[in-house]
Amino acid sequence: MDLRSFRPEDRAGVICLWEEDDPNPAPWNKAADILDNKQNYQPGLLFVAEDCGAIVGTVMAGYDGRRGWIYSVVVTPTHRRKGIASKLLALAEQELVSLGCTKLNLQVRDGNEGAVKLYESLGYNVEARVSMGKRLRS
Ligand SMILES: CC(C)(COP(=O)(O)OP(=O)(O)OC[C@H]1O[C@@H](n2cnc3c(N)ncnc32)[C@H](O)[C@@H]1OP(=O)(O)O)[C@@H](O)C(=O)NCCC(=O)NCCS
């Protein structure tokens, strides 16, 4: 198992993993678009797990100069509960700390209890916030 930063040759594998996780994405959530856009913004903040040539996990992060955000935490079903997401999150945290980040945030869809358990096991706490969003274009 290789846990490392994204490389251009990982593109197809990452898209495949994300499409497996979200087979019918909204038009603004297409895997290829998200991945290609990320290569234009903080490309060093995308981490992958590779096993026998296949991309089996990802974690993406963002940093705004103050806080860090975590996105796209996905592990392929056959590789879950082996610590892959935890290790990828540790890689992302390490990189964010090296950039000066002092606080991390993330969002979990309502009802995704497995994800909540994962983050709690890594020291994340549920915080009393109201999550708001506004779509600027589709
Ligand atoms: C959530 C997800 C990323 C976890 O990946 P993973 O590699 O299996 O997680 P880890 O093996 O690092 O889990 C570490 C710990 O988190 C907790 N945990 C992880 N998944 C869990 C689940 N489904 N139910 C309960 N606890 C869970 C456990 O405490 C686990 O330790 P254990 O296996 O020794 O009990 C994976 O299930 C997944 O890709 N789900 C679909 C996409 C998704 O929901 N992503 C999160 C978006 S916010």
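What follows is calculated from the coordinates using simple rules that are stated; it is not laboratory data. Owing to the predicted nature of the structure, the values given are computational and were not obtained by experimental measurement. FYI the Cβ positions are ideal-geometry reconstructions off the backbone, even for glycines, and counts take in every protein chain you see.
Quick look at the numbers
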quantity: Distance (nanometres) between label positions extended 7 Å along Cα→Cβ at Tyr124 and Ala54; calculated: 2.5
quantity: Exposure proxy ranking, count of Cβ atoms within 10 Å, fewest first, for Arg137, Arg81; calculated: Arg137, Arg81
quantity: Surrounding net charge for Val108, when Lys and Arg each add one and Asp and Glu each subtract one, Cβ distance under 11 Å; calculated: -1
quantity: Hits among lysines - C-alpha to C-alpha of Lys103 under 23 Å, sequence gap 8 or more where chains match; calculated: Lys38, Lys87, Lys117
quantity: Neighbour-count order for Thr76, Thr58, Thr102, fewest beta carbons within 10 angstrom listed first; calculated: Thr102, Thr76, Thr58
quantity: Extension reserve of the Arg66-Arg109 stretch, reckoned as 0.36 nm per residue once the Cα distance is removed; calculated: 13.1 nm
quantity: Spatially proximal aspartates and glutamates relative to Lys30 (Cα-Cα < 16 Å; intrachain offsets below 8 disregarded); calculated: Glu19, Glu20, Asp21, Asp22
quantity: Label-point separation, Ser86 to Ser138 (7 Å along Cα→Cβ), nm; calculated: 4.2
quantity: For the chain, convex hull of alpha carbons as volume per residue, Å³; calculated: 126
